[in-house]
Amino acid sequence: MPTLGGTLDIALDPDFVPTLGDMFEEVVGPSTSGAFSAYTNMLVPGTDLALVPVRQAGGSYDLVTHYAGDANFDGIVNILDLTVLADHWQMAGDWQAGDFTGDMFVDGADVWVLRDRWLLNAPDQPQSFADALASVGLAGIPEPGSAAVLLALGGALALRRGRR
Ligand SMILES: [Ca+2]
């Protein structure tokens with residue numbers, strides 16, 4: 001029985017745009033053991049959709065199209081999803097734990113995926129994202145990119161110093 005491991009790299013034909021509910025069965029066949037430790041390219045560029053790997057009992061994987069940030073698969077992105085994420089904050093986890101980027105870890109990158117779709121299909125729940133973050137104890141996490149920018153600046157400075 002083949003043992004799975006490593007990263008499942010999802011490659012979508014650029015001419016094909018999936019729609020909500022699209023399901024691709026057995027992208028990895030049955031009769032395998034183990035599991036992937038990460039996924040890449042789950043988020044479909046230019047859309048609010050994601051291809052979410054779902055492991056079936058026989059060891060196969062399906063890809064199911066859901067909204068990015070919809071941790072509980074109810075078709076809306078709201079406080080329930082943010083609560084799931086907060087409950088697994090800085091912990092290992094899969095989509096249903098709030099990992100929307102595929103690195104199997106729930107952190108700030110996942111928060112910003114969710115924020116970009118905040119209240120998708122939930123117009124009757126007009127809660128600001130900042131208020132929602134505060135309500136789940138995640139107020140004040142840094143905006144996306146700020147840490148990476150600092151690291152890049154530090155790297156550039158170090159490089160310049162090294163060349164002298
Ligand atoms: Ca949801």
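Here are some notes:
- Mean Cβ count within 10 Å, highest first, over the residues of peptides 119-127, 49-57, 95-103: 95-103, 49-57, 119-127
- About the centre of its Cα atoms, the range 3-163 shows a dipole size close to 920 debye [charges on the beta carbon of Lys, Arg (+1) and Asp, Glu (-1) only; nearest 20 debye].
- Gaussian network model of the chain, springs between alpha carbon atoms under 10 Å - residue of Val106, Val77, Val28 with greatest fluctuation: Val28
- Cα shape, the range 1-141, gyration tensor, a/c 1.5 rule: prolate
- Inter-label distance for Gln125 and Ser60, nm, one decimal - labels placed 7 Å from Cα along Cα-to-Cβ: 3.3 nm
- A Förster distance of 30 Å, applied to the separation of the beta-carbon atoms of Asp87 and Phe16, puts the FRET efficiency at 0.30.
- Considering only Thr7, Val64, Gly46, the residue lying farthest towards the positive end of the dipole of the range 3-163 is Thr7, judged by Cα position with unit charges set on Cβ.
- Remark on Val44: its backbone amide H falls under 5 Å from those of Leu49, Ala50, Leu51, a criterion applied only to residues 5 or more positions apart or on other chains, H modelled at 1.01 Å from N.
- Estimated 222 nm signal from helices in the chain, with DSSP H stretches of n ≥ 4 weighted -39500 (n - 2.57), rounded to 500: -7500 deg cm²/dmol
- At an R0 of 25 angstrom, the distance between the Cβ atoms of Phe24 and Gln96 translates into a FRET efficiency of 0.85.
- Length-normalised contact order for the chain - Cα pairs under 8 Å, 6+ apart - percent: 17 percent
- If R0 is 22 Å, the Cβ-Cβ spacing of Trp112 and Phe73 corresponds to a FRET efficiency of close to 0.65.
- Restricting attention to the chain, close to 70% of DSSP beta bridges with both partner residues there are antiparallel.
Any read-out appearing in this document is the output of simple, stated calculations on the displayed coordinates, not a laboratory observation. What you see is a predicted model, and the numbers here were worked out from it, not measured in a lab. Heads up, the Cβs are rebuilt from the backbone with ideal geometry, glycines too, and the neighbour counts pull from every protein chain shown.
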